[in-house]
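One structure below.
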Amino acid sequence: MLKRLSLAAAALGLTTLPAFAHLNPEEHGSFMAGVSHPFFGADHILAMVAVGIWASQIAFARNDRTALWIVPAAFVGTMAVGFLMAVYGIDLPFVEPAILASVIGLGLLVAMAARLPTAAAAAVVGAFALFHGHAHGGELGSAGALQFGVGFLIATAILHAAGIALGLGIARFGSVASRTVGALTAIAGLSLAFGG
C-alpha cells in the first residue's frame, strides 16, 4: 500500500512542472507565448492533467474509449469560447475562484473515480474550461489573439494527453493509485486557494 501511494505521489510530482514566466510575444511570437501560457501556473497544469486522468478513468470503468477524446475535447472547445468572451470584452464573474474550484473539483472527481456518463463528464469539464479560457484571454497582453489562442489550445491538449497517459499508466497499480493522485490534486488546489 505504501509503495502504491509513493508511486502515485511521484507520478503527480512529475506532472507539476516548475512555473516559468510567460514568453514575451514581441520576442518569441504570439504562438509560442500561447504555448507557454498554460505551463505558467500550477492551477492550469493540475486541472488540465486531471481532466486527462478522469477521462482515462471513465474510459476504463465504462469500457468507453470515446471518453478519451470527448472529455478533453469538451475542455479545449469550451476553453476557446471563454477565451473569445474575454477577447471581445464579455465579463465572466469569479474567474480566479472558479479556476481554483476546478482544480479542487476535478481532483475530487478523480479521487472518487466518479463514473459519470461521458456526455455529463464533458459538460462538467466544459463548465470549468470556460473560466480557464477567459483567464487566458484576459492575460493576452500584446500577443496576437489568433496565434496566442491556437498556441494555448495546443498546449492544453498536450497537458490532457499527459493526463490520459498518466491515468492509463497508473491504472495498472489499481484504482488506489489514481484516486490518490486525485486526492493530492484536490489538496494542491486547496493549498493554492488558501495558501497565501
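So which residues in region 81-114 are surrounded by fewer than 19 Cβ atoms within 10 Å (Cβ to Cβ) and closer than 16 Å to Ala157 by Cα?
Val81 - this is the single residue of region 81-114 that is surrounded by fewer than 19 Cβ atoms within 10 Å (Cβ to Cβ) and closer than 16 Å to Ala157 by Cα.
Of everything in region 115-130, what is open to solvent by 20 Å² or more (accessible area, probe 1.4 Å) and over 21 Å from His44 (Cβ atoms)? Give them in sequence order. So that I can check it myself, show each step before the final result.
Taking region 115-130 first, the residues open to solvent by 20 Å² or more (accessible area, probe 1.4 Å) are 115-117, 119-120, 123-124, 127-128, 130.
Answer for region 115-130, where residues must be open to solvent by 20 Å² or more (accessible area, probe 1.4 Å) and over 21 Å from His44 (Cβ atoms): Arg115, Leu116, Pro117, Ala119, Ala120.
Could you identify the single residue in Thr66, Thr78 that is within 19 Å of Thr156 (Cα to Cα), among the hydroxyl-bearing types (Ser, Thr, Tyr), at pLDDT 95 or above and crowded, with 16+ Cβ neighbours inside 10 Å? Break it down stepwise before answering.
On the way: Thr66 fails: crowded, with 16+ Cβ neighbours inside 10 Å.
When all the criteria are applied, what remains is Thr78.
Please go through (1) open to solvent by 10 Å² or more (accessible area, probe 1.4 Å); (2) over 21 Å from Ala33 (Cβ atoms); (3) part of a helix (DSSP H, G or I) for Leu146 and return the number of the only condition it doesn't satisfy.
Among (1) open to solvent by 10 Å² or more (accessible area, probe 1.4 Å); (2) over 21 Å from Ala33 (Cβ atoms); (3) part of a helix (DSSP H, G or I), the lone unmet condition for Leu146 is (2).
Within region 160-196, how many residues are crowded, with 17+ Cβ neighbours inside 10 Å and not aliphatic (A, V, I, L, M)?
9
The values are calculated or read from the model by the stated rules, or taken from the named source; none is laboratory data. Remember, predicted model here, so these are calculated numbers, not experimental data. Counting neighbours? That spans all protein chains shown, and the Cβs are built from the backbone with ideal geometry, glycine included. We work out accessible area using only protein heavy atoms, side chains counted, and drop any ligands, DNA or RNA first. Shrake-Rupley method; radii C 1.70, N 1.55, O 1.52, S 1.80 Å.
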